[in-house]
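Enquirer: Starting off with a structure, shown below.
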Amino acid sequence: MFEFKKANDEIGVISLVKRARITGEMSANFRKWQETVDLKSCSTVIVDGNNIEFIDSMGIAALISIYKTVSAKGSDLILVNLSEEIKKLLNTLRLDRLFIIKNCSVVEAIKDLC
Amino acid sequence: MDDDLSVRVLLKSILSRDNHDVVESADGRSAFSSLAVQKPDIVLLDLMLPDYNGLDILAQLKESEELEPIPVIVLTGSSDRESKLTALSSGAVDFISKPFLPEEVLLRVNTHLKLHDLIRSLRVAVDNLESDVIAAGKIQNALVPKSNPQGLSVEWIYEPSYRVGGDIFDIFKLDENRYFVYLADMSGHGVNAAMLSVMVHRFIEDFRASIYDGEFDLRSFMKELDRNFIFERFNLFFTIVSAIVDFKEGFVLLSNAGHPTPLMQREGSVQFLEGKREALVGINMIHGDVSKVPFRSGDRLLLYTDGLIEVMNEKGEMYGEERLRNLMKSSSDIDIRSTALHLKSSYESFKGSTLAEDDITALLIQF
């Protein structure tokens with residue numbers, strides 16, 4: 001369900017294989033899954049919100065864990081393609097001050113980084 | 001159970017060699033009387049008994065609360081396919097066709113005994129877990145107020161989505177004119193979130209006990225929470241809205257850390273109190289921002305968790321802030337108890353038969 005790919009050797013991209021809600025059991029799985037991914041070798045991690053219909057608080061906790069891993073190495077976490085609903089949620093939690101949120105596609109975000 | 005003596009002798013010898021104790025019955029009547037005396041671990045049942053149809057015995061076994069869990073393997077003729085299917089669909093776990101090989105009998109019997117043991121221990125574990133969760137739910141419920149603190153007009157809805165939840169709230173009287181109220185929502189729900197909620201509740205009680213109530217300061221309270229519940233400690237976070245309601249001076253001090261926006265109902269209008277908002281607790285981003293909002297006679301303040309506005313209906317739509325605003329607006333002229341009931345029936349009828357994904361808590365305070 002979750003996919004991790006490397007672009008340009010050092011940019012990690014996390015995405016959902018198909019459109020889904022990251023809630024309940026799915027967010028518990030997302031949390032376990034992100035611990036298995038080699039985030040430490042990435043200079044930047046991009047989360048593609050394209051297929052994320054909604055995300056609950058456990059899913060948000062997984063995003064914070066990703067942020068903590070990435071930022072410990074001095075790298076950035078960028079969230080792209082988010083729905084308005086998720087952007088509003090991140091704003092409510094004030095996580096828009098912690099993560100970098102961009103209104104663009106993964107390809108555009110990678111181009112900006114290069 | 002088999003009417004054929006040679007089959008019974010053969011089965012007994014096969015099973016005894018593998019250290020199983022075997023009780024034989026040649027007909028249905030004696031089978032039932034031995035079942036009543038000693039409950040076997042497994043039953044081998046011939047479908048053609050002289051006085052009973054084996055399928056009727058199977059049906060009776062499965063109807064008995066006490067005997068139902070015992071696995072039953074039916075013994076059939078090799079050509080009797082229909083009876084095999086009927087027996088399996090009636091609750092038999094397997095069948096052995098006659099004539100049989102001793103190895104096959106042992107293999108099937110031992111496999112089903114192991115499986116049955118596993119199911120039994122799983123049932124015990126689930127029952128224990130269930131009673132632990134019920135006990136945890138009772139502990140959590142004991143932490144939230146049971147009745148209104150003296151002199152404060154307040155109503156609440158507190159509904160965990162499971163037996164325990166991640167929402168917690170409390171109300172303390174600070175002095176003659178001031179009350180402290182908080183409502184917190186742990187990330188996730190279920191046992192993890194409930195345990196964290198109990199810790200948060202305990203921490204807040206200790207914080208309050210450590211200072212003189214007259215000096216209770218929201219700014220330092222929120223910063224202290226942020227310092228003590230760092231994300232890495234539990235890999236969980238929580239959001240909280242806390243308030244000091246001052247009836248003498250007529251204002252509310254509000255601090256909101258990542259929580260849904262509180263709502264004020266005043267003279268027929270309803271307003272979301274956007275104010276200054278802090279980040280959720282645990283990521284070292286709380287600065288201690290506090291908003292001061294006028295609170296006059298007749299005003300009502302609504303604090304709620306996201307579970308309320310994220311209630312989903314069968315079409316996948318959320319209850320949302322607009323429905324909440326309209327509901328509160330239409331309840332301006334009724335008393336606060338009726339308003340709380342009105343709110344509850346509103347989101348429940350919106351939800352229909354959809355299961356709630358999150359805990360729902362709402363607190364309504366009136367001047």
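Just so it is clear, none of the values below were taken in a lab; they were calculated from the coordinates. All values derive from a computational prediction rather than experimental measurement. All Cβ positions, glycine included, derive from the backbone under ideal geometry; neighbour counts span all protein chains shown.
Enquirer: To the nearest Å, what is the center-to-center distance of the range B:283-358 and the range B:74-124, using C-alpha atoms only?
Expert: For the range B:283-358 versus the range B:74-124, the Cα centre distance is 56 Å.
Enquirer: What percent does the relative contact order of chain B come to when contacts are Cα pairs within less than 8 Å and at least six residues apart?
Expert: Details: 629 pairs, mean separation 48.1, N = 367.
In percent, rounded to a whole number, it is 13.
Enquirer: Does the range B:5-123 classify as rounded, prolate or oblate by the C-alpha gyration tensor (a ≥ b ≥ c root eigenvalues; a/c under 1.5 gives rounded; else a/b over b/c gives prolate, otherwise oblate)? Intermediate results must be reported in sequence, preceding the final value.
Expert: Details: a/c = 1.19, a/b = 1.04, b/c = 1.14.
Since a/c stays below 1.5, the shape of the range B:5-123 is classed as rounded.
Enquirer: Mind pulling the angle between the C-alpha long axis of helix B:218-228 and the longest principal axis of chain B? Nearest 10 degrees, somewhere in 0 to 90.
Expert: In chain B, helix B:218-228 runs at an angle near 40 degrees to the longest axis.
Enquirer: Could you list B:146, B:292 in order of exposure, starting from the residue whose Cβ has the fewest other Cβ atoms within 10 Å?
Expert: On the way: B:146 6, B:292 13.
If I rank by nearby Cβ atoms, fewest first, I get B:146, B:292.
Enquirer: Another one. Can you give me the pair-distance distribution of the range A:2-113, C-alpha pairs, 5 Å bins, whole percents?
Expert: Calculated over all Cα pairs of the range A:2-113, the distribution is 2, 12, 25, 28, 22, 9, 1 percent.
Enquirer: Residues with beta-carbon under 14 Å from that of residue B:39, excluding residue B:39: net charge, scoring Lys, Arg +1 and Asp, Glu -1?
Expert: Numbers: positive: B:120; negative: B:21, B:41, B:65, B:66, B:68.
That sum, taken over residues with Cβ under 14 Å, equals -4.
Enquirer: Provide the per-residue ³J(HN,Hα) series for the range B:357-367, in order, calculated from phi with Karplus coefficients 6.51, -1.76, 1.60 and θ = phi - 60°, each as a whole number of Hz, with x at glycine and proline positions.
Expert: 7, 10, 5, 10, 9, 9, 10, 10, 10, 10, 6
Enquirer: Between residue B:48 and residue A:20, with labels modelled 7 Å along Cα→Cβ, what's the label distance in nm to one decimal, could you check?
Expert: Here the answer is 5.3 nm between the modelled labels.
Enquirer: Give me a comma-separated list of calculated 3J(HN,Hα) values for the range B:129-142, in order, Karplus coefficients 6.51, -1.76, 1.60 applied at θ = phi - 60°, integers in Hz, x for any Gly or Pro.
Expert: With coefficients 6.51, -1.76 and 1.60, one gets 4, 4, 6, 5, 5, 4, 5, 4, x, 5, 4, 4, 5, 5 Hz.
Enquirer: Provide the descending list of Cα extents for the protein assembly as shown along its principal axes, expressed in whole angstroms.
Expert: Cα extents, longest axis first: 95, 63, 44 Å.
Enquirer: If you average the sequence gap of Cα pairs under 8 Å that are 6 or more apart and divide by the length of the range B:6-138, what percent do you get for the contact order?
Expert: On the way: 123 pairs, mean separation 26.9, N = 133.
The value is 20 percent.
Enquirer: Compare the peptides B:278-289, A:71-82 by average per-residue count of other Cβ atoms within 10 angstrom and give them in order, highest first.
Expert: Numbers: B:278-289: 20.3, A:71-82: 18.0.
With the highest mean Cβ count within 10 Å placed first, the list reads B:278-289, A:71-82.
Enquirer: Hey, another quick one. In sequence order, what are the phi-derived ³J(HN,Hα) couplings for the range B:39-47 according to the Karplus relation 6.51 cos²θ - 1.76 cosθ + 1.60 with θ = phi - 60°, rounded to whole Hz, with x for glycine and proline?
Expert: 7, x, 7, 7, 10, 9, 10, 6, 7
Enquirer: Amide H of residue B:25 versus every other amide H placed in the peptide plane: which residues, excluding those fewer than 5 positions away on the same chain, fall under 5 Å?
Expert: Here the answer is B:2, since their amide H atoms fall under 5 Å of that of residue B:25.
Enquirer: While we're looking at this one, here's another question. If you take every residue apart from residue B:6 with its C-beta less than 13 Å away from the C-beta of residue B:6, what net charge results, scoring Lys and Arg +1 and Asp and Glu -1?
Expert: Numbers: positive: B:8, B:12, B:98; negative: B:2, B:3, B:4, B:24, B:46.
Taking every other residue near residue B:6 into account, the sum is -2.
Enquirer: Next up: Who wins for biggest fluctuation among A:12, A:24, A:49 in a Gaussian network model of chain A, springs between alpha carbons below 10 Å?
Expert: So, out of A:12, A:24, A:49, the one fluctuating most is A:24.
Enquirer: Is the range B:247-367 best put as rounded, prolate or oblate by its Cα gyration tensor, with a ≥ b ≥ c the root eigenvalues, rounded for a/c under 1.5, and otherwise prolate when a/b is larger than b/c, oblate when not?
Expert: Working: a/c = 2.47, a/b = 1.19, b/c = 2.08.
Oblate.
Enquirer: If you don't mind, there's one more thing I want to ask. Between B:348, B:224, B:24, find the one with the highest GNM mean-square fluctuation for chain B; connect C-alpha pairs within less than 10 Å.
Expert: B:24
Enquirer: Say the cut-off is 32 Å between C-alpha atoms; which of B:39/B:98; B:114/B:351; B:146/B:292; A:40/B:138; A:87/B:248 go over it? Present the calculation step by step, with values, prior to reporting the outcome.
Expert: Numbers: B:39/B:98 26 Å; B:114/B:351 44 Å; B:146/B:292 29 Å; A:40/B:138 43 Å; A:87/B:248 40 Å.
B:114/B:351; A:40/B:138; A:87/B:248, as the Cα separations exceed 32 Å there.
Enquirer: Using only Cα atoms, what Kirkwood radius does chain B have, in angstroms? Walk me through the numbers before you get to the answer.
Expert: On the way: mean 1/r = 0.0396 Å⁻¹.
When all Cα pairs of chain B are included, the Kirkwood radius is 25.3 Å.
Enquirer: Defining a contact as two alpha carbons under 8 Å apart and six or more residues distant in sequence, what relative contact order in percent does chain A show? List each step's numbers first, then the result.
Expert: On the way: 190 pairs, mean separation 28.4, N = 114.
Once divided by the residue count of chain A, the mean separation gives 25 percent.
Enquirer: Using alpha carbons only, how many angstrom separate the centre of the range B:181-254 from the centre of the range A:38-112?
Expert: If we compute the Cα centre of each part, the gap is 27 Å.
Enquirer: Kindly put A:104, A:114 in sequence by how many other C-beta atoms sit within 10 Å of each C-beta, fewest to most. Kindly include the intermediate steps, with their values, before the conclusion.
Expert: Working: A:104 13, A:114 7.
By the 10 Å Cβ count, ascending: A:114, A:104.
Enquirer: How would you rank A:67, B:158, going from fewest to most other Cβ atoms within 10 Å of each one's own Cβ?
Expert: Going from least to most buried by this count: B:158, A:67.
Enquirer: Counting Lys +1, Arg +1, Asp -1, Glu -1, what net charge surrounds residue B:353 among other residues with beta carbon under 15 Å of its beta carbon? Intermediate results must be reported in sequence, preceding the final value.
Expert: Details: positive: B:315, B:351; negative: B:314, B:317, B:348, B:357.
Overall, the nearby charge balance is -2.
Enquirer: Right, here's the next one. Within the range B:285-326, what residues put their amide N at less than 13 Å from the label point 7 Å along the Cα-to-Cβ vector of residue B:269?
Expert: Zone members listed by number: none at all.
Enquirer: I need the semi-axes of the equivalent ellipsoid of the range B:197-257: take the C-alpha gyration tensor, multiply each eigenvalue by 5, square-root it, list largest first in whole angstrom.
Expert: Numbers: eigenvalues 110, 37, 17 Å².
They are 23, 14, 9 Å, listed from largest to smallest.
Enquirer: Separate question: On a 0 to 90° scale, report how tilted helix B:54-63 is relative to the longest principal axis of chain B, with both axes built from alpha carbons and the result rounded to the nearest 10.
Expert: Taking Cα atoms only, the helix is inclined about 20 degrees.
Enquirer: Separate question: Calculate the mean, over all residues of peptide B:274-284, of how many other protein chain Cβ atoms lie within 10 angstrom of the residue's Cβ.
Expert: Numbers: counts 0, 0, 0, 4, 2, 7, 9, 0, 2, 8, 0.
Mean shielding count: 3.
Enquirer: To the nearest whole percent, what portion of all C-alpha pairs in the range A:59-114 is separated by more than 14 angstrom? Could the numbers behind the result be given before it?
Expert: On the way: 872 of 1540 pairs.
When every Cα pair of the range A:59-114 is considered, 57 percent fall beyond 14 Å.
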